[in-house]
Amino acid sequence: MNNDKDFVAIFSNGSDMRIADGKVMGRSDFEGRVEDELKLHYVSREQVKFYLENRNLQIEELPSSKNGTWLISWGKVEKLEKGKRYNVNPGDEINFSKSVTVRIEEQ
């Protein structure tokens, strides 16, 4: 399915990763992409899953997430509830376990 939009996660070291429909993001995605890798201990192996539906990006915190995920959108911080999908917009940030953050952009 062609959604006509590509979304990427921008890491603290400036690298990026394309977010495909069904992408599960967790600890291994951050290795080599953050300054303080000790913080990765708090990020779950499989923490969130992304969905691309109707040209919109959504995120869901997975049951395996141990330390929480937060969506920061337009200055509003919202803790994700497991199993519930949230819309993600370009410029939003996702904080994993209060340890590492990625910014979402559209390409």
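Worth a mention:
- Residue exposure sequence - R18, R45, R103 - by fewest surrounding Cβ within 10 Å: R18, R45, R103
- For a straight C-alpha distance cut-off of 20 angstrom, the lysines reachable from K82 (same-chain residues fewer than eight places away being disregarded) are K23, K49, K66, K98.
- For the stretch 21-29, 3J(HN,Hα) per residue [Karplus equation, 6.51 cos²θ - 1.76 cosθ + 1.60, θ = phi - 60°, Hz, x = Gly/Pro]: 4, x, 4, 9, 10, x, 3, 5, 5
- Cα→Cβ-extended label distance, 7 Å offset, between D6 and S99, nm: 3.0
- Rounded to whole numbers, the Karplus 3J(HN,Hα) couplings from phi for the stretch 91-106 are x, 5, 10, 10, 9, 9, 6, 6, 10, 9, 10, 10, 9, 9, 10, 9 Hz, using 6.51 cos²θ - 1.76 cosθ + 1.60 with θ = phi - 60°, and x at Gly and Pro.
- Cut-off 13 Å (backbone N to label point 7 Å along Cα→Cβ of E35), residues of the stretch 4-24: 12-14
- Percentage relative contact order, the chain, counting C-alpha pairs under 8 Å, at least six apart: 27
- Taking other Cβ atoms within 10 Å as a rough exposure proxy, V77, V43 sort from fewest to most as V77, V43.
- Restricting the calculation to Cα atoms, the chain shows an Rg/Rh of 0.93 when the hydrodynamic-style radius is the Kirkwood one.
- Protection proxy ranking, highest mean first, for peptides 83-91, 63-71: 63-71, 83-91, where packing is the per-residue count of other beta-carbon atoms within 10 Å, averaged.
Laboratory data are not the source of any read-out in this text; all were calculated from the coordinates shown. The structure displayed is predicted, hence computed values, not measured ones. Ideal geometry is used to build each Cβ from the backbone, glycine not excepted, and the neighbour counts take in all protein chains shown.
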